[in-house]
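*Asks:* Following this message is one structure expressed as structure tokens.
Derivation of every value follows stated rules applied to the coordinates shown; laboratory data play no part. Because the structure is predicted, anything quoted here is derived from the model rather than measured. All Cβ positions, even for glycine, are placed from backbone atoms using ideal geometry, and neighbour counts span all protein chains on display.
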Amino acid sequence: MHLTLLISSAGRRVGLIDCFRRSAAAAGISLDILACDMEPGLSAACNAADEAFAVPPYGDPSFVDAILDIVRDRGVDLVVPTIDPELTPLAAAIDRFEAMGARVHVSPSCVIDVARDKMRTAEVLAGAGVPVPWTVPFMAGSVLGQSGWPAFLKPSAGSASRGIRIVNGPGDLPEAIDEAMVLQQLLVGPEFTVNMFIDQGGVLRSAVAHRRLRVRAGEVEKGRTERDPMFRELAEGVARALPEARGVLCFQVIVDEETGPRVFEINARFGGGYPLAHHAGAEYARWLLEEVAALPSTAHDDWRSGVLMLRYDAAIFEG
């Protein structure tokens, strides 16, 4: 069995490429890994791939066409996006990829529209009984009641901790904004990422939680897997709230000192800390390849708790 995989917006995702290589070998699949980015010559993951391509930024009207050109020319079987903003255009083009015989690893637009909007995330999850922080749209000039301070101010469509800040009172609020923002309950307590794998039948097959011990630029740098029925219950709630979600997703939860666990963000893709779940035995990359190759699934929820990840900077040299 031979498959060709394309990692888009590959950036620094060398760890993700390594997970797919090991998974393919374990499943008996011959795998070619392609990668694309705006500047592939400056991407570590593109250098680690078998072949790399330059593509326009995700906001460019020609972005999806450029990905489709690679799929057609190289016989790509699976496209795996890695950043939130590219999910929307790729989800809108699912049918175009399927017409070429390729699966793009993205949930339908109805799921992405919720995950990419923090206000809708809070509303949809709360409607499914998932505990969430209070969240309100922020309009320049609006003032919360005194009981609402301090709070988080964050872009409604933000990711990787972009643009978030703590506001202690009305005097900290901006007079003007250039994108949709929300004010959200300031949560105080340990933070966790829960990685989920939902199979093609819509069944939640695995939920792996890790404590975010240290974070850099919104991505976990040091983490440890922890098994607690609470996290499985939260994952089941997220899956219930998003019944059309498929593949790999992750969500963030803080166990607040006063209100208990609160889910505040969903990433409908492989999270940056996925290699920790993979090393703990939850090989989502393998299970995804098995689906694409129509092989029997080895998906399970028997992963190891207490696995510690300590990331460090490495380098790729050329010339």
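*Asks:* How about segment 1-96: which strands (runs of 3 or more DSSP E) wholly inside it have at least 2 residues that are in contact (Cβ under 8 Å) with a residue 60 or more places away in the chain?
*Replies:* 2-7, 78-80
*Asks:* While we're on this one: Filter segment 168-181 down to the residues that are part of a loop (DSSP other than H, G, I, E, B) and of a type outside the set (D, E) and list them by number.
*Replies:* N168, G169, L173, P174, A176, I177, A180
*Asks:* Moving on to the next point. Output the residue which, of all residues in segment 71-107 that are surrounded by fewer than 17 Cβ atoms within 10 Å (Cβ to Cβ) and of a type in the set (D, E, K, R), is farthest from W287 (Cα to Cα).
*Replies:* Here the answer is D73.
*Asks:* Moving on to the next point. Looking only at segment 10-45, count how many residues are within 15 Å of V76 (Cβ to Cβ), buried (at least 22 other Cβ atoms within 10 Å of the Cβ) and of a type outside the set (A, V, I, L, M).
*Replies:* The number of residues fulfilling the criteria is 2.
*Asks:* Please count how many residues of segment 215-241 are of a type outside the set (D, E, K, R) and part of a strand (DSSP E or B).
*Replies:* Total satisfying the criteria: 4.
*Asks:* So, in segment 182-214, exactly how many residues are in contact (Cβ under 8 Å) with a residue 12 or more places away in the chain, out of contact with any helix residue (DSSP H, G or I) (no Cβ under 9 Å at 6 or more places or on another chain) and assigned to a strand (DSSP E or B)?
*Replies:* Total satisfying the criteria: 3.
*Asks:* Here is a further query. Specify which of the listed residues (R286, R304, R269) is surrounded by 14 or more Cβ atoms within 10 Å (Cβ to Cβ), in a loop (DSSP other than H, G, I, E, B), out of contact with any strand residue (DSSP E or B) (no Cβ under 6 Å at 6 or more places or on another chain) and not aromatic (F, W, Y).
*Replies:* R269
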